[in-house]
Amino acid sequence: MNQSTSQPNLPRPNFWRRASSLLYEKPWLGLVLLLAPPLLWLGVFYLGSLLNLLFYSFYSIDDFSGQIKYDLGFSTLAQLFTSSSNVDIVTRTLSMSIAVTIACAVIAFPIGYFMAFYAKGRTKAIWYLLVLLPLWSSYLVRVYAWRLILAREGVASWFFDTLGLRPVLDGILSLPVIGGPSLSSSYLGMFLVFTYVWLPYMILPIQAALERVPKNLIQASSDLGARPAQTFWRIILPLAVPGVAAGSIFTFSLTLGDYIIPGVVGAPGFFIGQVVYTQQGAVGNLPLAAAFSVVPIVIITGYLMFVKRLGAFNAL
Amino acid sequence: MQNAVELHNLNCTFTSGSFQLRAVDNVNLSIAPGEFFSLLGPSGSGKTTCLRLIGGFEQPTSGVIKLFDTDASRLPPFEREVNTVFQDYALFPHMTVRDNVGYALMVRGVSRAERVRRSDEMLETVKLGGYGSRKPSQLSGGQRQRVALARALINKPRILLLDEPLGALDLKLREEMQIELKGLQRQLGITFIFVTHDQSEALSMSDRVAVFNHGRIEQLGTPRDLYDAPRTEFVARFVGSANVISGETLHLESKRQYALRPEKVGISSASSTSPSSGISSLTGQLQDIHFLGSQTRYEVLVGGERVTAITSGAESCEIGSSVTLTWPADAPRLLEVQM
């Protein structure tokens, strides 16, 4: 019996054939090859530089020379709590982030609900388009457009005048904290722009979460005697929590770190992002900039833990 | 007598663009209190839509649904004294088993302590005592099924709808649950309306069965009626298995079809035949033999038609040989002419 009858039609093994067999026999090798490039990228360029940045928050700056002192310590981080203006910046940014997140959730929920339960086929596609359309244009363009809309002689103001609601606008603007000389130079205006800009990031996760709620759970609830409002509070809302949590992580962290919008619209008064930007750039106080960038990381981590306790990730 | 459920000229048409589907086509039906009633049919026959109409999950296009003499045609599900066991159970994933079972009590404002007591009691009834604080995801298919049952029964509905509740269970578990369901129904005295595509399930559990086909009730009767006296070819073939043989072949009324149950047909090798009164016989050629364990199935070609015989013993016949088929003369059932 010769070789050709015992192994019919099997071509001679070459390099590629051997490599394929090796990968087939050792699946982990394939995984390593697949993941090594992205992990290297993430590890070196992202995590590496992030850790380096965080390390800087333990350094401090010499008040006289303006040079960085490479001695590890907590003096820079302590400034976040000891200097009242720094505390103000953190509270201001945090309050804005919370307000924007709540507003986004409240506005996004009905839209996501409609898209998940009522919109079908073509209507649904149009709604997706409407939600995503703003993301196609530059964020800067939209923010500057809002400045014009909210300006003293802008569209919003004209609108109030036309409807004869000027006193209402003036009343709102005369309120403490959120008011100001005009919408474009008040925290209210900034809040509106933030809410507008991040809204799609809240709608889509909520819509996706509601889409995944089996329709027969709603029928089962109704079957067991629950009125629509009870079904909403007991079944639909709890099952949408993961979506709201995912969306809120977007809106919350995006607001926490943004440095453009507070500079273009709103009252004077720094936000975390702006501080980081100016401290590391114009001022050259890299340790303080690093210390400020630790704040969102800590807050987001705390927030994620809070959301996890709510059970937002149970469905994952 | 007051009926638990009455359907009068019930229609349900689904429209999608220019396409119309008459899911339920002029159905009339009355179900007595305490009855175990099955809606049997293949998928797409309208049996599930019919159940969903009774539950209130679909709106009838026309017709009347009466529950205990009250017109419920337009009532939402939460206003009907009907509870449902859904096909895939529809347990609330974010609630414990106890909260699932107690849900109907909670939405009615029953106190927490009372809810816990009654839920645990109900869980005992379905043999799931001690499982109250688990989540549905921690249960097996059979256990989820019991939770769904407990949840639907806790409010003591007068009518329980079951939409293919055993479909997802394996054979052994399904047979156990059939017995348990039947026992539970007797014990509680509730009207059960049971949707299934499994004819043996319908036959073994039900007091009466409605066989659905193309949105219409093809035949309605006790399991024995349906099996012994199928009116149409569809019922004869769907309920159990049947030989549908032309009148010409059987030397009966021509141009008509007859149903003959395979187990009524005896088989013997051609030579050993001695005709007797009350017995009909035909000769044919044996095509195939299938050994099924407790039974043997024979495929015989008689006058160009295939006839199946099932016997409990094994006859000494050879494939290709000539055989004689015998059956009681009154066994073939004349079938209605189909439109």
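The values are calculated or read from the model by the stated rules, or taken from the named source; none is laboratory data. This is a predicted model, so every value here is computed, not measured. When we count neighbours, we look across all protein chains shown, and the Cβ atoms used for this are built from the backbone with ideal geometry, even at glycine. In case anyone asks, the SASA skips ligands and DNA or RNA and just uses the protein heavy atoms, side chains included. Shrake-Rupley method; radii C 1.70, N 1.55, O 1.52, S 1.80 Å.
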Problem - Area of residue B:22 that stays accessible when all protein chains are in place (1.4 Å probe, Å², to 10) - result: 130 Å²
Completion exercise
In the protein assembly as shown the DSSP beta bridges are antiparallel at a rate, in percent to nearest 5, of 75 percent
Completion exercise
The correct ranking of A:129, B:67 by accessible area at 1.4 Å, largest first, is A:129, B:67
Fill in the blank from the handout: Placing each pseudo-label 7 Å from Cα in the direction of the beta carbon, residue A:69 and residue B:264 end up separated by a distance in nanometres of 10.6 nm
Problem - Net lengthening on full extension, residue A:159/residue A:122 (0.36 nm per residue, minus Cα-Cα) - result: 10.0 nm
Practice task
Send over the semi-axes of the protein assembly as shown's equivalent ellipsoid, whole angstrom and largest first, taken as the square roots of 5 times the C-alpha gyration tensor eigenvalues.
Solution key: 70, 36, 24
Practice task
Would you please give the FRET efficiency between residue A:211 and residue B:329, computed as 1/(1 + (r/R0)^6) with r the Cβ-Cβ distance and R0 = 56 Å, to the nearest 0.05?
Solution key: 0.35
Exercise for the section: Set the Förster radius R0 to 41 Å, insert the Cβ-Cβ distance between residue B:13 and residue B:176 as r into 1/(1 + (r/R0)^6), and round the FRET efficiency to 0.05. Expected result: 0.55
Completion exercise
Cross-link reach from residue B:127 to aspartates and glutamates, straight Cα distance under 12 Å and at least 8 residues apart if same chain, gives B:180
Problem - Mean-position separation - Cα centroids, segment A:33-89 and segment A:199-238, in angstrom - result: 43 Å
Problem - Charge dipole of chain B about the Cα centre (unit charges at C-beta), most positive-ward option of B:223, B:285, B:265 - result: B:223
Handout entry: Per residue solvent-accessible surface (Å²) - segment B:241-334, probe of 1.4 Å
Key = 53 Å²
Exercise for the section: Report the convex hull volume per residue for segment B:241-334, counting only C-alpha atoms, in Å³. Expected result: 89 Å³
Completion exercise
Descending accessible area (1.4 Å probe), largest on the left, turns B:111, A:186, B:316, A:293 into B:316, B:111, A:293, A:186
Fill in the blank from the handout: Across A:289, A:209, A:156, the residue with the highest GNM fluctuation in chain A (Cα network, 10 Å cutoff) is A:156
Problem - Inter-probe distance in nm under a simple model that places probes 7 Å from Cα toward Cβ, at residue A:282 and residue B:20 - result: 7.3 nm
Fill in the blank from the handout: Per the helix-only model, chain B has a calculated mean residue ellipticity at 222 nm (DSSP H runs of ≥4, -39500 (n - 2.57) each, divided over all residues, rounded to the nearest 500) of -7000 deg cm²/dmol
Practice task
Note down the relative contact order for segment A:52-153 as a percent, whole number, built from C-alpha pairs under 8 angstrom at least six residues apart.
Solution key: 12 percent
Fill in the blank from the handout: Sorted by accessible surface (1.4 Å probe, heavy atoms of the protein chains only), largest first, A:123, A:255 come out as A:123, A:255
Practice task
Pop the C-beta distance of residue A:178 and residue B:138 into the FRET formula with R0 = 30 Å and round what comes out to the nearest 0.05.
Solution key: 0.05
Practice task
Report in % the part of the accessible area of the protein assembly as shown that belongs to carbon and sulfur, leaving out ligands and nucleic acids; probe 1.4 Å.
Solution key: 60 percent
Problem - Simple spin-label estimate for residue A:308 and residue B:248 in nanometres, 7 Å along Cα-Cβ - result: 7.8 nm
Handout entry: Solvent accessible area, Å² - residue B:21, 1.4 Å probe, full protein context
Key = 80 Å²
Fill in the blank from the handout: Comparing A:306, A:114, A:45 in a Gaussian network model of chain A (Cα, 10 Å), the one with the largest mean-square fluctuation is A:45
Fill in the blank from the handout: Within segment A:241-278, DSSP-loop chymotrypsin sites (Phe, Trp or Tyr not before Pro) with at most 16 other C-beta atoms within 10 Å are A:259
Completion exercise
Going through A:124/A:215; B:135/B:182; A:215/B:156 one by one, the pairs whose alpha carbons sit over 19 Å apart turn out to be B:135/B:182; A:215/B:156
Problem - Placed amide H near residue A:61: partners under 5 Å, 5+ positions off or other chain - result: A:69
Completion exercise
antiparallel share of DSSP beta bridges within chain B, to nearest 5, in %, is 75 percent
Handout entry: Extended-chain gain in nm, criterion 0.36 nm per residue less alpha-carbon gap, residue B:117 and residue B:188
Key = 23.7 nm
Practice task
Might you work out the accessible area of residue B:15 for me, using a 1.4 Å probe with all protein chains in place, and round it to the nearest 10 Å²?
Solution key: 90 Å²
Completion exercise
By the C-alpha gyration tensor axes a ≥ b ≥ c (rounded if a/c is under 1.5, else prolate when a/b exceeds b/c, else oblate), the shape of chain A is oblate
Fill in the blank from the handout: Checking A:122, A:152, A:17 against a Gaussian network model of chain A (alpha-carbon springs below 10 Å), the top fluctuating residue turns out to be A:17
Problem - Set of aspartates and glutamates with alpha-carbon distance to residue B:255 below 18 Å, sequence-local pairs under 8 removed - result: B:233, B:305, B:336
Exercise for the section: Give me the net charge of residue A:240's neighbourhood, meaning all other residues with Cβ under 11 Å from the Cβ of residue A:240; Lys, Arg count +1, Asp, Glu -1. Expected result: 0
Exercise for the section: Find the relative contact order for chain B and round it to a whole percent, using C-alpha pairs within less than 8 Å whose residues are 6+ positions apart. Expected result: 16 percent
Fill in the blank from the handout: Taking a probe of 1.4 Å and leaving out DNA, RNA and ligands, segment B:5-229 shows per residue an accessible area in Å² of 42 Å²
Exercise for the section: Return the whole-Å distance between the Cα centroid of segment A:136-174 and the Cα centroid of segment B:151-169. Expected result: 58 Å
Problem - CD proxy at 222 nm, helix term only [per DSSP H run n ≥ 4: -39500 (n - 2.57); per residue of chain A; nearest 500] - result: -21000 deg cm²/dmol
Exercise for the section: Could you work out the relative contact order of segment B:241-334, using alpha carbon pairs under 8 angstrom and six or more residues apart, expressed as a whole percent? Expected result: 36 percent
Fill in the blank from the handout: Expressed as a whole number, the average count of other chain Cβ atoms within 10 Å around the Cβ atoms of B:84-95 is 5
